[in-house]
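Below is one structure; the comments refer to it alone.
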Amino acid sequence: MFKQLKDAMGQFANMFGDLPAGKKIGIIAFGVLILAGILITGYFSGAEDNTLLYANLSQEDALSISEKLKERKIQYKLENGGNAISVPAKDVYQLRLELAGEGLPSGGGVGFEIFDKASFGMTEFVQKLNYRRALQGELQRTINSIGTVQSSRVHISIPAKTLFDEEKQKATASVVLKLKGNKKLSKQQVDGIAHLVASSVEGLNSSDITIVDTSGSILSIPEEGEDEATKLSNKQMDFRKNYESDVERRIRTMLEKVVGAGKAIVRVSASMDFKQEQRTEESYDPDGQVARSEQRNEEKTTGAASPVGVAGVSSNLPETAGAQASAVGKPAESTKTNETINYEINKVVKTIVEPTSQVKKLSVAVMVDGKYKETKAQDGKISKEFQPISTEEKNTIQNLVRTAIGFDGNRQDLVTVESMQFDEAPLAEEAQKMDVDAQREYTLTMVKYAGITVAALAIFLFILRPLMKSMTQANVEAEELRALPQNIVKMEGEINKLGVVKEENVDYRKRVTEVISDNPQQAAELIRSWMRKAKA
């Protein structure tokens, strides 16, 4: 193997030695460029890859973290305008743990860790100031955890306590929010942030908190004297808007499947009843009588006959009484019956609670774009003629909308469908602008790839191809030189083989002169080869 390598190296040395000086310089320069490219690639590939340590940092956190990294003598790189820090990949996890132990990143403010280190001689004013700073920092961290919020600042004003109530002032607060991208906070999210801050500060009401964004737009305005009725009214308005938006979306998406995207406009107006009514109804059924209770009492008496005759002494004499008794015949009997029956009439008691947010009336307006008939003029210009939809199509759309909204004639619901021509000028301008941007991007892409292609072609034509040609030509010339006679004896033998003249009649000087004049370059290379062999 070593012998083959040595032979190959010897052949390359011989071939390189036979080349002209210009070709040697070209090969050396090409080798230097290849070696430099290999060294540069190895340098960059051997360099440590940086990994993102933290992103979306505040200026305070970025400053604190960079100082900590300098103390540890760790190479770092600031990115994204100083809001992100990258470090070597092998150190990223260890650094995160160490920095977290030191309370970094702090979210743009100091938290309650400010009290971890006790300081003797701290005045009450400094303690209160540190407590306010810590409270503001903790609130900032909590607010920053909301997905829509990128960063925040909280300012709290806590008045000093007084002995008299009439001199007491209310606590106030303000919150500045930086949102991510083009995202927006809903009313519920803004109220949630306000209640979060109010619940964290003693004596602070949510109505005394102002929330703004970085563009200066007020998201929450303190409302003086806002009662429950006003809050309820705001919620009702939000409910109504959400209901109308939902109905509009359902109708629009249904129609756009038929008439095309952007060809239908829907507006919904809902009249809603938010009254909560509770009533009790009590009804009786006279035909549904039921005996609730029954009581019956019967008395029967048997005994002597009642006295008969004129009242007085004569009637009570024995002989008179006996005659009268024989006249009566048998003893007297009596019967007495008492019966009491209580009836209950069938009664139904209903407690009815009417649901809130009932739709009293629903009005829907639908505007549909018509069809366009293209006509080509003699000059080749194409014009579009608007054609509204037919009455049958209007009726079909109207029936579909009625079914979708649950049309109720008793509520006097109203559905109107009209076909009108839409103004497509803004859309055309936007489409033209998009086409221009797309064409520009396409042109830049083509120019980029064309430049790369031209550069590659130029490298091939002006560097690689001449180099390959010179190396190939050098090999051919070397082979031709090796095929020539290497000394005078061989040259005389080749001449004799031609049979031009006999050996004893040849003028060798004249013949050599003719050969040299006919092939000066090959003769020169042959002489150089002889000289190298003589030196060896």
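The values are calculated or read from the model by the stated rules, or taken from the named source; none is laboratory data. Not measured: the values here are computed from a predicted model. Every residue, glycine among them, receives a Cβ derived from its backbone with ideal geometry; neighbour counts consider all protein chains shown. With ligands, DNA and RNA removed, areas are computed over all heavy atoms of the protein, side chains included. Shrake-Rupley method; radii C 1.70, N 1.55, O 1.52, S 1.80 Å.
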Conditions first: (1) open to solvent by 50 Å² or more (accessible area, probe 1.4 Å); (2) touching a strand residue (DSSP E or B) at 6+ places or on another chain (Cβ under 6 Å); (3) modelled with pLDDT of 85 or more. Lys373 passes all but one, so which condition is the exception?
(3)
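Every residue, every condition in (1) under 37 Å from the mean Cα position of the chain (by Cα); (2) crowded, with 17+ Cβ neighbours inside 10 Å, yes or no:
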| residue | (1), (2) |
| --- | --- |
| Ala160 | no, no |
| Thr172 | yes, yes |
| Lys184 | yes, no |
| Val197 | yes, yes |
Please pick out the residue among Val436, Val359, Val353 that is surrounded by 14 or more Cβ atoms within 10 Å (Cβ to Cβ) and of a type in the set (A, V, I, L, M).
Val359
Step by step: first the residues of segment 407-416, then only those that are farther than 14 Å from Glu248 by Cα and within 40 Å of the chain's Cα centre (by Cα), then the one that is least open to solvent (accessible area, probe 1.4 Å). Which residue is that?
Asp413
I need the full set of residues from segment 264-299 which are open to solvent by 100 Å² or more (accessible area, probe 1.4 Å) and not in a strand (DSSP E or B), in order please.
Lys275, Gln276
Take segment 192-218 and flag every residue that is touching a helix residue (DSSP H, G or I) at 6+ places or on another chain (Cβ under 8 Å), farther than 18 Å from Arg133 by Cβ, polar (S, T, N, Q) and in contact (Cβ under 8 Å) with a residue 24 or more places away in the chain.
Asn205
Members of segment 95-126 that are open to solvent by 90 Å² or more (accessible area, probe 1.4 Å) and either among the basic types (Lys, Arg) or at pLDDT 75 or above (or both):
Leu97, Lys117, Glu124, Phe125
In the set Glu224, Glu166, the lone residue that is modelled with pLDDT under 85 and within 26 Å of Met237 (Cα to Cα) is Glu224
Hey, Ala365 of a type in the set (Gly, Ala, Ser), surrounded by 11 or more Cβ atoms within 10 Å (Cβ to Cβ) and assigned to a strand (DSSP E or B) or not
yes
Yes/no for Ala404 being assigned to a helix (DSSP H, G or I), free of Cβ contacts under 8 Å to residues at least 60 places away in the same chain and open to solvent by less than 60 Å² (accessible area, probe 1.4 Å)
no
Could you tell me whether segment 261-277 includes any residue that is out of contact with any strand residue (DSSP E or B) (no Cβ under 9 Å at 6 or more places or on another chain) and modelled with pLDDT under 85?
yes
Which of the residues spanning segment 175-221 are touching a strand residue (DSSP E or B) at 6+ places or on another chain (Cβ under 6 Å), under 25 Å from Lys235 (Cβ atoms) and of a type in the set (S, T, N, Q)?
Thr210, Ser220
Residue among Lys77, Lys70 that alone is open to solvent by 70 Å² or more (accessible area, probe 1.4 Å) and under 30 Å from the mean Cα position of the chain (by Cα):
Lys77
Please go through (1) under 53 Å from the mean Cα position of the chain (by Cα); (2) at pLDDT below 75; (3) aliphatic (A, V, I, L, M) for Met468 and return the number of the only condition it doesn't satisfy.
(1)
